[in-house]
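Please read the structure below before turning to the comments.
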Amino acid sequence: MKTIALSISNNEKQNFVNNSYVRAFTTKETTAMLVPNFLIDYRDEIMSEKTKEEIKERASKIAMATDALVISGGADLNPLSINDEVEQSDSFNITRDYVEKALFHAFVSENKPIFGICRGLQLIGQIMKFPNFSQQLPAVSGEHNAHRFSASRRSEPIHHVTLAGKYLEYMTKKIPNIEQTIVNSWHHQGFTIKHHGKPIVNEEERNTAIKAFEEASVVGEMTKVILHTDSIVEGIEIEQYKIVAVQYHPEENDNSPIIGYFIEKYLKD
């Protein structure tokens, strides 16, 4: 049985996560283990080196004790933590940003798989220097205006995504000739294929833009876009680092194929 460390949200009084995450990553092969955000006091203007080292040490011990990491969805990334200016982001949680960055680096150091969901993709993308980050996807594409929907409909499919790369190969074996699938949408930060989400005219232009996006990351061509719309990056894979991350919320669906892909490829013996 493999154990999956699951990052969770927090506020001043509690750590918490939607039950859907626990259900999605508790399978015949895996069990989810919740990782609380370490209590960091930001009333001082400067985080001490001792605190930074403590965060790294705790993250390292978690990485050594478990088999994989899931960076879950939640509040926006604090622009300060990604060296950006505040534009249209809100509901920041800089404590969580620092903890999840430490967890990411610890699991990469241990060569253990990482799965990112929504803000998880956004955090991974910032660390790996993906281009074209948007703090407000609905301004780019109306189909990502998810916050107009009620939370009770988080599983409701909202738009189509196109499959690519190794994930397309995986899905084709299950459903011959599949090219697209439908996903939910509950976010407003993310990455566009072209700068500012400029419209893509044809398939040739889209393929060129996706290749340029992939090559711009710190690991270059190792980054592969595996899900996308005409303007938004919906999923990536970095095989050499055992990383898969998606923009939407697959944990809200029973037997999600992308979660199955991650577990089968990176966690089965």
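The values are calculated or read from the model by the stated rules, or taken from the named source; none is laboratory data. None of the values given here were measured: they were computed from a predicted structure. As a convention, Cβ positions derive from the backbone with ideal geometry for all residues, glycine included, and neighbour counts pool all protein chains shown.
Here is a list: I182, I178. Which entry is touching a strand residue (DSSP E or B) at 6+ places or on another chain (Cβ under 7 Å), in a loop (DSSP other than H, G, I, E, B) and more than 12 Å from I232 (Cα to Cα)?
Within the list I182, I178, the selection yields I178.
Tell me whether the stretch 189-208 contains one or more residues that are touching a helix residue (DSSP H, G or I) at 6+ places or on another chain (Cβ under 8 Å), of a type in the set (F, W, Y) and closer than 17 Å to N253 by Cβ. No, that holds for no residue.
Filter the stretch 17-34 down to residues that are without any contact (Cβ under 8 Å) to a residue 40 or more places away in the chain and in a helix (DSSP H, G or I) and give me whichever is surrounded by the most Cβ atoms within 10 Å (Cβ to Cβ). Filtering the stretch 17-34 for residues that are without any contact (Cβ under 8 Å) to a residue 40 or more places away in the chain and in a helix (DSSP H, G or I), the one surrounded by the most Cβ atoms within 10 Å (Cβ to Cβ) comes out as V22.
In the stretch 45-70, the residues that are under 25 Å from K2 (Cβ atoms) and modelled with pLDDT of 90 or more reach residues that are of a type in the set (F, W, Y) and part of a helix (DSSP H, G or I) with C-beta atoms within less than 6 angstrom, at least six apart or across chains, in these pairs: A63/F107; L69/F107. Quick one: in the stretch 223-246, of everything that is at pLDDT 95 or above and not in a strand (DSSP E or B), which residue is farthest from the chain's Cα centre (by Cα)? Selected residue: Q240. With respect to the stated conditions, E251 fails to be part of a helix (DSSP H, G or I) and either of a type in the set (S, T, N, Q) or without any contact (Cβ under 8 Å) to a residue 40 or more places away in the chain (or both). Can you tell me which residue in the stretch 185-202 is farthest from R154 (Cα to Cα), limited to those that are assigned to a loop (DSSP other than H, G, I, E, B) and touching a residue at least 40 places away in the same chain (Cβ under 8 Å)? Going through the qualifying residues, I end up with K194.
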